[in-house]
1. I'd like the distance separating the alpha-carbon centroids of the range 219-241 and the range 315-392, in whole Å.
2. In the chain, what percentage of the DSSP-assigned beta bridges are antiparallel, given to the nearest 5?
3. Show which lysines lie in cross-link reach of Lys377 when reach means a straight Cα distance below 16 angstrom and same-chain residues fewer than eight apart are skipped.
4. Separation between the Val11 and Gln455 pseudo-spin-labels, each 7 Å from Cα along Cα→Cβ, expressed in nm?
5. In percent, what relative contact order does the range 300-400 have, based on Cα pairs under 8 Å that are 6 or more apart in sequence?
6. Give me the number: length gained by fully extending Asn385 to Thr365, i.e. 0.36 nm times residue separation minus the C-alpha to C-alpha distance, one decimal in nm.
7. Taking Lys97 as the anchor, which lysines have their alpha carbon closer than 29 Å to its alpha carbon, excluding any fewer than eight residues away along the same chain?
8. Just to confirm, what accessible area per residue do you get for the chain at 1.4 Å probe, in whole Å²?
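The values are calculated or read from the model by the stated rules, or taken from the named source; none is laboratory data. Just so it is clear, the model here is predicted, and its values are computed rather than measured. Virtual Cβ from ideal backbone geometry, glycine too; neighbours counted across all protein chains shown. Accessible surface areas use protein heavy atoms only, side chains included; no ligands, DNA or RNA. Shrake-Rupley method; radii C 1.70, N 1.55, O 1.52, S 1.80 Å.
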Amino acid sequence: MSDDSNELSSVKFKPYTRQTISQARQWDWLPAEQREAVQVVSHVLPFRTNEYVLDQLIEWNNIPDDPIYRLVFPHRDMLPPEQYAHLRELVLVRQDKAAIDAYVRGIRLGMNPHPAGQMTHNVPTMNGEPVRGLQHKYAQTVLFFPSAGQTCHAYCTFCFRWPQFVGMDDMKFDARESTELAAYLKLHTEVTDVLITGGDPMIMNTRSLAAYLEPLLDPALVHIQNIRIGTKSVAYWPQRFVSDRDADDLLRLFERIVKAGKNLAIMGHYSHAVELRQDIAQQAVKRIVSTGATLRMQGPLIRHINEDPNSWAELWQTGTRLGAIPYYMFVERDTGPRGYFEVPLARAHEIFQAAYQQVSGLSRTVRGPSMSAFPGKIVIDGVVNIGGEKVFALQFLQARNPDWVRRPFYAKFDAEATWFDDLRPAFGQEKFFFELDASLPEVVHAPQRVIHLVQAA
């Protein structure tokens with residue numbers, strides 16, 4: 001381990017927010033207009049970073065164009081000019097907290113805070129009541145939001161779950177304990193996967209995380225074959241797996257889950273190749289996979305941050321060498337400051353294709369560009385000419401109706417479209433096939449055959 005790695009391993013986690021960022025030595029390096037933007041826009045969008053991100057991931061000679069700086073720090077252009085001007089007046093001149101709160105809430109409600117039916121269609125019920133802190137969109141997978149994991153080591157300015165962090169309690173998913181989760185899963189034997197998400201579950205200490213995970217090892221939940229944990233800590237605070245006080249305890253927890261016959265998948269969120277260039281970030285990957293867990297790499301394509309296909313290719317290749325699995329390139333969701341981050345779908349496909357062409361078959365496990373839209377997870381397979389018409393070739397990788405999965409369909413080519421809702425059916429059709437079949441099938445709770453896994457000697 002290099003001297004730099006030893007130094008990084010000894011760093012204690014210290015977050016910075018709007019109220020404390022001026023204490024960071026880098027704050028004085030920012031031009032006045034950048035400092036102002038942080039102070040104003042962070043009233044709308046959550047802002048939180050830490051010393052590792054500031055010291056190791058941002059190139060301060062390239063401000064404001066450094067990709068990680070744009071990923072973490074709020075920018076003026078994330079709000080329309082008239083909104084920014086009025087909010088600036090309220091924050092810096094009038095300093096009227098009540099007026100600020102009212103105006104900010106109006107802005108947030110106009111940002112589509114819960115896209116793709118998260119609150120209206122994804123929340124399951126049990127005994128006629130909504131189950132707090134759960135989402136169940138696809139038959140096989142349940143999402144669980146532990147209340148202790150509803151923050152992150154640093155916030156991404158594009159995050160589609162930003163309402164979790166800004167005090168919009170009426171739009172927040174959180175569960176205080178796992179009793180209802182276990183009860184719900186016992187009733188739903190079609191579920192094979194539980195995704196622990198947030199926020200970031202890895203913000204919790206190991207003892208708290210274990211309290212949520214170990215009930216899933218109950219023999220009565222043998223149909224739960226895969227436990228996933230969504231986390232950005234692999235990029236923003238890899239010390240969580242290497243040098244935090246309970247890092248070794250965390251790895252032992254991973255080993256217990258694997259030994260119990262579950263597949264533990266760490267869904268690592270990476271936004272740029274620089275996040276995997278650090279020695280300690282690579283150590284984190286190696287330590288995770290050494291437990292028998294898998295690490296899958298995913299992240300959205302974001303304007304200003306990761307439009308370079310070479311960065312994606314480097315990220316996937318480096319991850320593969322370390323034992324991680326490239327999984328998804330997403331299209332940024334239609335929420336938050338989408339006008340700042342969105343990339344036309346045609347351009348997204350070009351970037352994906354250019355990156356995909358650079359990597360070997362081992363890294364071509366990655367899928368994309370993929371949109372988590374209301375009807376399901378839709379991937380752009382290509383742009384083709386059929387019968388003289390230029391079209392997007394699309395298919396569902398996952399869907400509210402399982403019968404839609406892997407069924408090819410086509411949309412008119414639109415060079416300006418940035419989200420699925422912007423697309424229209426090709427070949428003169430008025431509606432896509434799934435719009436003509438809006439009914440969802442009733443899930444049959446057929447017993448699953450779960451093969452017993454032999455443990456290594």
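1. First find each Cα centre; the distance between them is then 24 Å.
2. Once the DSSP bridges in the chain are tallied, antiparallel ones form about 45 percent.
3. Within the straight-line cut-off, Lys377 pairs with Lys137.
4. 3.8
5. It comes to 26 percent, rounded to a whole number.
6. That pair, Asn385 and Thr365, stretches by 4.6 nm at full extension.
7. Lys14, Lys172
8. Solvent-accessible surface per residue comes out at 44 Å².
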